[in-house]
Amino acid sequence: VERPRHQGMAKNTSMRWRLPLVCLLWEVAMIVLFGVFVRFGAEADAHWEEEKQEMNLTSDMENDFYFRYPSFQDVHVMIFVGFGFLMTFLKRYGFGAVGFNFLLAAFGIQWALLMQGWFHSFKDGKILIGVENLINADFCVGSVCIAFGAILGKTSPIQLLVMTLLQVTLFSVNEYILLNLLHVKDAGGSMTIHTFGAYFGLTVTRILYRPNLEQSKDKQGSVYHSDLFAMIGTLYLWMYWPSFNSAISDHGDAQHRSAINTYCSLAACVLTTMAFSSMLQKKGKLDMVHIQNATLAGGVAVGTSAEMMLTPYGSLIVGSISGIVSTVGYVYFTPFLESRLHIQDTCGIHNLHAMPGLIGGIVGAITAAAATEDVYGKEGFIKAFDFTGAYQARTPSIQGGFQAAGIVVSLLMAFAGGAIVGGILKLPIWGDAAAENCFEDGVYWEVPEDEESDVYHMHNPEKPASP
Amino acid sequence: VERPRHQGMAKNTSMRWRLPLVCLLWEVAMIVLFGVFVRFGAEADAHWEEEKQEMNLTSDMENDFYFRYPSFQDVHVMIFVGFGFLMTFLKRYGFGAVGFNFLLAAFGIQWALLMQGWFHSFKDGKILIGVENLINADFCVGSVCIAFGAILGKTSPIQLLVMTLLQVTLFSVNEYILLNLLHVKDAGGSMTIHTFGAYFGLTVTRILYRPNLEQSKDKQGSVYHSDLFAMIGTLYLWMYWPSFNSAISDHGDAQHRSAINTYCSLAACVLTTMAFSSMLQKKGKLDMVHIQNATLAGGVAVGTSAEMMLTPYGSLIVGSISGIVSTVGYVYFTPFLESRLHIQDTCGIHNLHAMPGLIGGIVGAITAAAATEDVYGKEGFIKAFDFTGAYQARTPSIQGGFQAAGIVVSLLMAFAGGAIVGGILKLPIWGDAAAENCFEDGVYWEVPEDEESDVYHMHNPEKPASP
Amino acid sequence: VERPRHQGMAKNTSMRWRLPLVCLLWEVAMIVLFGVFVRFGAEADAHWEEEKQEMNLTSDMENDFYFRYPSFQDVHVMIFVGFGFLMTFLKRYGFGAVGFNFLLAAFGIQWALLMQGWFHSFKDGKILIGVENLINADFCVGSVCIAFGAILGKTSPIQLLVMTLLQVTLFSVNEYILLNLLHVKDAGGSMTIHTFGAYFGLTVTRILYRPNLEQSKDKQGSVYHSDLFAMIGTLYLWMYWPSFNSAISDHGDAQHRSAINTYCSLAACVLTTMAFSSMLQKKGKLDMVHIQNATLAGGVAVGTSAEMMLTPYGSLIVGSISGIVSTVGYVYFTPFLESRLHIQDTCGIHNLHAMPGLIGGIVGAITAAAATEDVYGKEGFIKAFDFTGAYQARTPSIQGGFQAAGIVVSLLMAFAGGAIVGGILKLPIWGDAAAENCFEDGVYWEVPEDEESDVYHMHNPEKPASP
């Protein structure tokens, strides 16, 4: 896996023509495709006045906008501020963390509206969109933000855009297989978003393995203030996760229940994370890396089951376990993955998304398999699992089996897709930086020449070589 | 009040076994208690499909989730980002501010769900929870965050957890006395949250008085960036306070009115705070401590009366006064409390929560006593004060008297509870730091060894002694 | 335009008596005027119980609070955190950016409630307010925050308060002319908020031209961390802009549609901004100034048309164009405006608000002129443009003409008003700082004497002269 082209300073990282070309061509393509395909759904169209009368709706409140818009905005904050700032922990990669996350997410949501639209909202040759489509597009891009965490600081913005394009495509296919073909429930995306996104990203970073990455070791840590910026991301992800897991659940009790389960799971997760963070350090001091990340595992781990009758104490159990698994992962697995498996996982997405995502899929399968009419009520049971039409005959245990199959499909799609996309990203045309310039904003950003840089240079007497 | 054990460097502040033990034992206890007691309320349970039919509800919109969830999320942000970042103003205690606030709040909400559940949502042996319980749990923990402000930087995380456990318990008892026995109105918690939380915290910090605290004087100030981080907390508290005060008010006009009154009060408070901040400084320069804190007093001071017919101009008056009182408090009272009464109040909660909380209780009592059927309408009057059943015969002036009694009860509970809890926290087993190591993250956190620290060390040539 | 009074250090910038006096007098005036005029609207008044029965409303959900409160809170965040933090990019003006924005907005919303109330919510001698009034007050103040961007760092807080007072007044008059006399649609304020606010601010800064501003050139740039703080502002503006443009649209499909159009426009805008930011730099590196600002132009540019049937692809086109125009503006127009026209525009509001605002007005006029009953449906058409009563006979093309007239009126009001207000602010009584002390928090704020300042002083060996 030697990459000799990384050993010189001669790498051309200039984005001057490549990045504008990709962005502009892409935006033109989006405009054309939106022009051909995308229209307002009935509830966002001015014809809704007539629609309301036909459907005998007496109140504007019945518009889906009012059921989902507050949750949508919370999810939106998680994608742009949550993921963006979570990744600012690196001392010299804050612009890249927030800025590239902004770029790839804005790029990805447009493509996701199309891809998911063709699969799920296609009617008479048009994609009809509403607030639920916006949420799903954000969700889809969330899986790209997760994968970005693995390769943070090591790729060019063009690589990120290429990855986004391909990952959104694969995400939509995988989502279609799970939700439509397997008829799996996964409202909070433990499988579709977290398991898929994380193993996809880990496969990509494995393929892009950089043997000389220790050359930028000095830039892989945090500084005091960058850790505080990262906590902004952490807290917004943590606080709004109940909205994430409930955003596309059925109206009424299902949204309500999802929020409660997620709230409980996350609260428990904070306690076990703090416990193990302290326990696993020689001096018993807390480690910000764990607090910033492992506290969120509880949200991932109830992604599938939150809308089911998991119960509050079930959520506490799941949250507790996932906090422990995630923290142990940061201490023991991440170094192992890097040294033995050559998986360089900048943000530790294996601990925050991959393992908790698997837990989430398994908990979802068990919770579904254990469902009874007694617990859900006769109508609630049918509604919760959508056992209607072709699925009328499904039993909970069969549903549990399909849920488990959903995990396997997501994993296979992630590994296969990640390998292909990783191979494409390895082509020497995308302008990625040399190993010694990784984790350094100066490569792709105008960085203010100021006292801060000088402070920085005190410790790195050699000016960082900008190619 | 000499504490000789504070004079050496030999204090054992290692959390390695104590913190994990407390967290894990506690989480196990939570799981058991939740397993025995906590279930979904009707509106979050899958049986709601049937419930809806029985209750003749025609729309999922009637689920309480849609009345309160947006406000809940705003409150959630106030507790975790608002309080967390407000306390990051200290130059070297940002991790502790955000991180310990995160820990104690996540710990506290679980216990609050149980305690408040037993008092208010207990039915047939089960606590039935919904979104209103989540809000109330956040509220309850808010009072702990307030008390945390007084002892910020001077206690170990275990002390914080012990305090949280006991304060949540006392809060719930006090809340039960006020709301159920005295039948007092306090939707925004001027009495239950602010008055109780602040005087509780002040009593605790009095008992934990550290005579040698000037040894860490150099760390008690802010730096330029930490003041900006703190403003994130300030603004989120300020912006979302209308949601805080309206979150658990009656559906409809009461929630609407609470938000308007709070909005007006807070706007006025900013102006009087700025005025007095400038006036009380020799050179007329504004002080960030005032802007970060006293601007919020207007939200505290309408906590009880916001849902009443306080009127917008009444809110302006209350907000104006509370901004003045709070700013004057920072300039004159805080130094007095410390030097004369040995009350070391790190964040000045006496000015932000205690005095404005008292104002809020008094304004609430007056507003209630002044209520008339003319102003509220016949039905609105009964609904606003819940003058039904056993309270059918209550008159406004009697209600005003009970409101006043609520202030006194809250104060007594705070002083007595604070004294007991302070005494417990004084036991030499909790791992608090020596006076010279207060306000220093390095005691309980892995702090990045980086340029920032070195900048810091320039001014503190002696490396901070980590025990 | 020589301003000799700026050439000495002897300028009196002390706010000690002037600022308190203005704030307190003003707040007293507000209390009196609110006392005389402002009351709760029907939906926030306790009489609503009876109102509901009269209007045959069966659910509390019909209260406007539930249609608009979540959007209101998003708008509130945009005004205080969005604008406040967006302007913290300057290395030594973070307190002023966040703090003065806080002051002027809190001051302005009270006056806006009155001014807009007299024009739009006046009934039987009283202004009746509800959540929509709060949103409109925030909107009005948004135009002041925009103008503040042009003069950031160069004015005293008193000048800002005077400007706020006068600008809110003029805004309300202009808004009345547009909405009531011309019957123009402008829910997201491309004309009333952005075009008016920006050209007003640009005129003011032209009048206040400082020929010696290069004396504080060293303070006009950003540092690494200040750019990250500014990104907090950017992202909150970007994420919540769909709420901004939909906050006061008609219930139902119109709010839904506005959010979708704005979401699409903003996503496209990010891509074209990144493309041109990279393309216009010699080394192809991205510039944080563009990412912080031009990415938002897409929200401004659909402000008028978002609630119309602009369609998602139309939004992509508008967003793409505005990102390009705005980025090109930062690179070429801003230096030109400063050197040739003596318009010193600190934040580049010409690029972010003025030009995109004009685009927004024009797009709105075209979209209105192109409206057909076929596209909107018979009832939707009338509802969308409010073609009822006196406006029953309006055709789309006539409406388009009036929309265009709205742009012209907004521009004229901005130029005339800005000239007058600029003239008033030029009086030598407001305590603004000398040119060499611009962009320096130390003039009006107590700045912590800490390591950060020392770092700063390393590069500015002369201590900044505080007058």
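The values are calculated or read from the model by the stated rules, or taken from the named source; none is laboratory data. Only a predicted model underlies this, so the values are computations on that prediction, with no experimental measurement involved. We place every Cβ from the backbone using ideal geometry, glycine too, and count neighbours over all the protein chains shown. Ligands, DNA and RNA are stripped out before the accessible areas are found, and what is left, the full protein with its side chains, is counted by its heavy atoms. Shrake-Rupley method; radii C 1.70, N 1.55, O 1.52, S 1.80 Å.
Descriptive notes on the structure:
- Count of segment C:282-293 residues, restricted to those that are facing chain A (nearest Cβ under 7 Å) and of a type outside the set (Lys, Arg), is 5.
- Only one entry of B:VAL75, B:VAL32, B:VAL28, B:VAL36 meets the criterion of being β-branched (Val, Ile, Thr), at pLDDT 95 or above and open to solvent by less than 10 Å² (accessible area, probe 1.4 Å), and that entry is B:VAL75.
- Hey, B:LEU296 of a type in the set (A, V, I, L, M), more than 10 Å from chain C (Cβ to nearest Cβ), farther than 26 Å from B:HIS251 by Cβ and touching a helix residue (DSSP H, G or I) at 6+ places or on another chain (Cβ under 6 Å) or not: yes
- Only one entry of B:ILE127, B:ILE151 meets the criterion of being hydrophobic (A, V, I, L, M, F, W, C) and within 14 Å of chain A (Cβ to nearest Cβ), and that entry is B:ILE127.
- Test: residue in segment C:257-270 that is facing chain A (nearest Cβ under 7 Å), out of contact with any Pro (no Cβ under 9 Å at 6 or more places or on another chain), farther than 30 Å from A:LEU21 by Cβ and buried (at least 24 other Cβ atoms within 10 Å of the Cβ): yes
- Within segment A:314-348, the set of residues being at positive phi and surrounded by fewer than 20 Cβ atoms within 10 Å (Cβ to Cβ) comprises A:HIS342 only.
- Single residue of C:MET279, C:MET309 found to be within 23 Å of A:GLU49 (Cα to Cα), within 7 Å of chain A (Cβ to nearest Cβ), of a type in the set (A, V, I, L, M) and in contact with a helix residue (DSSP H, G or I) (Cβ under 9 Å, 6 or more places away or on another chain): C:MET309
- Residue ID - farthest from C:PHE385 (Cα to Cα), chosen from residues in segment A:43-56 that are at the interface with chain C (Cβ under 7 Å from one of its Cβ atoms), among the charged types (D, E, K, R) and not in a loop (DSSP other than H, G, I, E, B): A:GLU43
- Subset of segment B:440-467 [within 14 Å of B:THR13 (Cα to Cα) and modelled with pLDDT of 50 or more]: B:GLU440, B:ASP441, B:GLY442, B:VAL443, B:TYR444, B:TRP445, B:GLU446
- In segment A:87-139, the residues that are out of contact with any strand residue (DSSP E or B) (no Cβ under 6 Å at 6 or more places or on another chain), among the aromatic types (Phe, Trp, Tyr) and crowded, with 22+ Cβ neighbours inside 10 Å: A:TYR93, A:PHE100, A:PHE102, A:PHE107, A:TRP111, A:PHE139
- B:GLY84 vs. criteria surrounded by fewer than 24 Cβ atoms within 10 Å (Cβ to Cβ), within 7 Å of chain A (Cβ to nearest Cβ) and not in a strand (DSSP E or B): no
- Answer residue from segment A:363-374, given it is in a helix (DSSP H, G or I) and open to solvent by less than 60 Å² (accessible area, probe 1.4 Å) and is farthest from the other protein chains (Cβ to nearest Cβ) among those: A:ALA365
- Within the option set C:SER14, C:SER59, being farther than 29 Å from A:ASP60 by Cβ, within 7 Å of another protein chain (Cβ to nearest Cβ), more than 26 Å from the chain's Cα centre (by Cα) and surrounded by fewer than 20 Cβ atoms within 10 Å (Cβ to Cβ) holds for one residue only, C:SER14.
- Filter pass, A:ALA46 being open to solvent by 10 Å² or more (accessible area, probe 1.4 Å), of a type in the set (Gly, Ala, Ser) and either at pLDDT 95 or above or touching an Asp or Glu at 6+ places or on another chain (Cβ under 7 Å) (or both): no
- Tallying residues that are among the aromatic types (Phe, Trp, Tyr) and more than 7 Å from chain B (Cβ to nearest Cβ) within segment A:211-235 yields 1.
- If you filter segment A:7-22 down to residues that are in contact with a Pro (Cβ under 9 Å, 6 or more places away or on another chain) and not charged (D, E, K, R), you find that the one that is modelled with the lowest pLDDT is A:MET9.
- Test: residue in segment A:142-161 that is open to solvent by less than 10 Å² (accessible area, probe 1.4 Å), closer than 26 Å to A:HIS251 by Cα and not aliphatic (A, V, I, L, M): yes
- Positions within segment C:327-363 being closer than 24 Å to C:VAL409 by Cβ and small (Gly, Ala, Ser), in sequence order: C:GLY329, C:ALA354, C:GLY357, C:GLY360, C:GLY361
- Hits in segment B:244-253 (condition: more than 7 Å from chain C (Cβ to nearest Cβ) and open to solvent by 10 Å² or more (accessible area, probe 1.4 Å)): B:ILE248, B:ASP250
- Test: residue in segment C:167-182 that is open to solvent by 30 Å² or more (accessible area, probe 1.4 Å), in contact with a helix residue (DSSP H, G or I) (Cβ under 7 Å, 6 or more places away or on another chain) and within 14 Å of chain A (Cβ to nearest Cβ): no
- Among (1) in a helix (DSSP H, G or I); (2) hydrophobic (A, V, I, L, M, F, W, C); (3) more than 24 Å from C:SER246 (Cβ to Cβ) - the single one C:ALA393 does not satisfy: (1)
- Taken over segment A:292-335, the criterion of being of a type in the set (Val, Ile, Thr), out of contact with any Asp or Glu (no Cβ under 6 Å at 6 or more places or on another chain) and either under 16 Å from B:GLN110 (Cα atoms) or touching a residue at least 40 places away in the same chain (Cβ under 8 Å) (or both) is satisfied by A:THR295, A:VAL300, A:VAL302, A:THR311, A:ILE317, A:VAL318, A:ILE321, A:ILE324, A:THR327, A:VAL328, A:VAL331.
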